[in-house]
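First comes the structure, then the notes that go with it.
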Amino acid sequence: MADKEMKNRGGKCLKEVHIVSEALKTLYRQKLLPLEKYYGFSDFHSSSLEDADFDNKPMILVVGQCSTGKTTSIRYLLEQEYPGSRIGPEPTTDSFTAIMHGEIEGIIHGNTLTVDSNKPFRKLSPFGTTFLNRFQCVHLPNRVLESISIIDTPGILSVAKRKISRGYDFPAVIRWFAEHVDRIILLCDAHKLEISDEFSHTIMALRGNEDKLRVVLNKADMVDSQELMRVYGALMWSLGKVFCTPEVLRVYIGSFWSSPMRMTDNWKLFEQEEQDLFAGIQNLPRNSALRKLNDLVKRAQLAHAYIISSLKEDMPLVFCREKKKRDLIYDLPIIYSRIQQRYQISPGDFPDCAKMQEQLMSHDFKFKGLKPKLLAGLDELLNTDIAKLMPLLRQEEDQADKLLVQGGPFLGSHSGPFTEGNPFNHYGSNGESDHVSDEEWVVSKDKPKYDEIFYNLSPHEGKLSGIKVKGWMMSTRPPSSVLGRIWKLADVDHDGMLDDEEFALAGHLIEVKLEGFGLPHELPAQLVPPSKRHHE
């Protein structure tokens, strides 16, 4: 009777479900949640999952030391600032901020978020009031946020500040978010690669989620090629020491902000790295169901039930319980080995031994033994039910083009903002057309009006510096990140100045963007000023 009630509370049976997220919710409630409750899974690992964890949009966690450009990179991604954001050389972000889509701009504070069943943050309340006072959710009407959400984090403290207490367990909070997000972006600054104690603890908190992790070496345009090579090598060496893994982490190199590049030696490399990083982010909604399935399987495969039941078997009923408890905690590695051999469980399915020992120290050891019915349900989940989800997963992948992140810098694909009527739509995939002549410069018709503005700004030797152009560009009102991309496209010869043709090109690109169209990643041949074209 109890099992029947559990099934009813669990919702529809698997055959009636046609969406992967709904199927995962059903399986979790019916097969995995009862086992987690019975063996106290949340006391040792992560808290139980709720509907919002399955229904929520993909989330990106942005982590890094102070002043590595976390907030600036988020603004670059959204092409606008979010309420409460501050940018400066000093530590400016002192809160965890969930940036989510909303028709009306506003801020919801942490204590309210933990009672909102529509948000996936209800399980953050155990981290205490001090943390909740430093946690908020920002709603923003932004097209990028229609598909994803972003978590901005406080800067990781440097060596000089490592003794400062935050008042809450910062690595534990990072670990909670790492388990619930789809992508983790770890930002490093090309000018400061020291690995502080808190940085090491934070990276260790990310262990087990390496498949979600992307490391970014930011502000790379501020060093020359030789220095960049040394910085890159030093970063790989430092990360290798902390992660303690033979696999080499992929590090993306670039400058993820709207400012024009200071050194253009590696400009092409930075553009390609940005495209690779953003392509992964753009595909997050497409891969969201697979990520949730993967996380559910990881929870199900963890050998927690066998560990708890083994400790239950070895504990005496009455006498010498405290002494036996200490002995069992000390012998936990031996218990792991015994369980592994007895039940043929992979070593990778065991929780970290040192962490488990630490948590057992404060536990009362009132455990429960093995319950075959619950374990049978778990085996059915892993061996049968997951296989039944594959057709649903493939069905959602067939509609993947509709799930790509749209807006902002996510350009370059046919399903992106290059829609019918876009003036760039008729150019080739590499920004080239089949027939380009000197007379076919599409900016020519508007050049006279831009020439008037150009000469009113008093050019020197036929060119305007960035300082002179910036004021006029800012007056056109697009986000500064958009203007930064327009500057890079318009400065065709990369000399840090604009001549009359480049200035007219910048004006044309601004007009196109203000009309709601996307910008190309590379300048199409039709837009290259005649004097900058290479003649054979």
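So the values come out like this:
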quantity: Odd one out for LYS468, checked against (1) within 15 Å of GLY507 (Cα to Cα); (2) modelled with pLDDT under 80; calculated: (2)
quantity: The range 270-296 residues that are hydroxyl-bearing (Ser, Thr, Tyr), paired with ones that are outside any helix (DSSP H, G or I) and open to solvent by less than 40 Å² (accessible area, probe 1.4 Å) (beta carbon under 8 Å, 6 or more apart); calculated: SER288/PRO58; SER288/ASP182
quantity: Check on PRO285, in a helix (DSSP H, G or I) and touching a Ser or Thr at 6+ places or on another chain (Cβ under 6 Å); calculated: yes
quantity: Hey, PHE54 within 21 Å of the chain's Cα centre (by Cα) and of a type in the set (Phe, Trp, Tyr) or not; calculated: yes
quantity: Residue satisfying condition, being of a type outside the set (Ser, Thr, Tyr) and more than 30 Å from GLU146 (Cβ to Cβ), within set ASP327, ASP276, ASP295; calculated: ASP327
quantity: The range 204-242: number of residues that are among the polar types (S, T, N, Q) and in contact with a strand residue (DSSP E or B) (Cβ under 7 Å, 6 or more places away or on another chain); calculated: 2
quantity: Test result for ARG485, modelled with pLDDT under 80, of a type in the set (D, E, K, R) and on the phi > 0 side of the Ramachandran plot; calculated: no
quantity: Pair list, Cβ < 8 Å and 6+ apart or interchain, from the range 209-220 residues that are within 22 Å of VAL297 (Cβ to Cβ) and in a helix (DSSP H, G or I) to residues that are open to solvent by less than 30 Å² (accessible area, probe 1.4 Å) and hydrophobic (A, V, I, L, M, F, W, C); calculated: GLU210/PHE243; LYS212/ALA178; LYS212/VAL181; LYS212/ILE184
quantity: Scan of the range 238-251 for residues that are at pLDDT below 80, within 23 Å of SER73 (Cα to Cα) and not in a helix (DSSP H, G or I), ordered by number; calculated: LEU249
quantity: Close pairs from the range 298-318: first among the hydroxyl-bearing types (Ser, Thr, Tyr), partner part of a helix (DSSP H, G or I) and open to solvent by less than 50 Å² (accessible area, probe 1.4 Å), Cβ under 8 Å, at least 6 apart; calculated: TYR306/ILE339; SER310/ILE335; SER310/ILE339
quantity: Near pairs, Cβ below 6 angstrom, 6+ apart or cross-chain, from the range 331-355 (within 14 Å of HIS304 (Cα to Cα) and of a type in the set (A, V, I, L, M, F, W, C)) to any residue that is outside any helix (DSSP H, G or I) and open to solvent by less than 80 Å² (accessible area, probe 1.4 Å); calculated: ILE345/ALA303; PHE350/ALA303
quantity: Qualifying helices (runs of 4 or more DSSP H) (wholly inside the range 442-512; at least 2 residues being over 24 Å from GLN526 (Cβ atoms) and among the charged types (D, E, K, R)); calculated: 466-475
quantity: Wholly within the range 29-125, helices (runs of 4 or more DSSP H) carrying at least 1 residues that are touching a residue at least 40 places away in the same chain (Cβ under 8 Å); calculated: 33-38, 41-44, 51-55, 70-78
quantity: Residue identified as open to solvent by 10 Å² or more (accessible area, probe 1.4 Å), over 30 Å from PRO126 (Cβ atoms) and part of a helix (DSSP H, G or I) among ARG175, ARG230; calculated: ARG230
quantity: Matching residues in the range 252-267 - criterion: being under 17 Å from PHE278 (Cα atoms), assigned to a loop (DSSP other than H, G, I, E, B) and either modelled with pLDDT under 75 or not hydroxyl-bearing (Ser, Thr, Tyr) (or both); calculated: GLY254, PHE256, TRP257, SER258
quantity: Filter result (modelled with pLDDT under 85 and outside any helix (DSSP H, G or I)) within the range 190-208; calculated: ALA190, HIS191, LYS192, LEU193, GLU194, ILE195, SER196, ARG207, GLY208
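The values are calculated or read from the model by the stated rules, or taken from the named source; none is laboratory data. What you see is a predicted model; the values in this text were computed from it and never measured. When we count neighbours, we look across all protein chains shown, and the Cβ atoms used for this are built from the backbone with ideal geometry, even at glycine. Ligands, DNA and RNA are stripped out before the accessible areas are found, and what is left, the full protein with its side chains, is counted by its heavy atoms. Shrake-Rupley method; radii C 1.70, N 1.55, O 1.52, S 1.80 Å.
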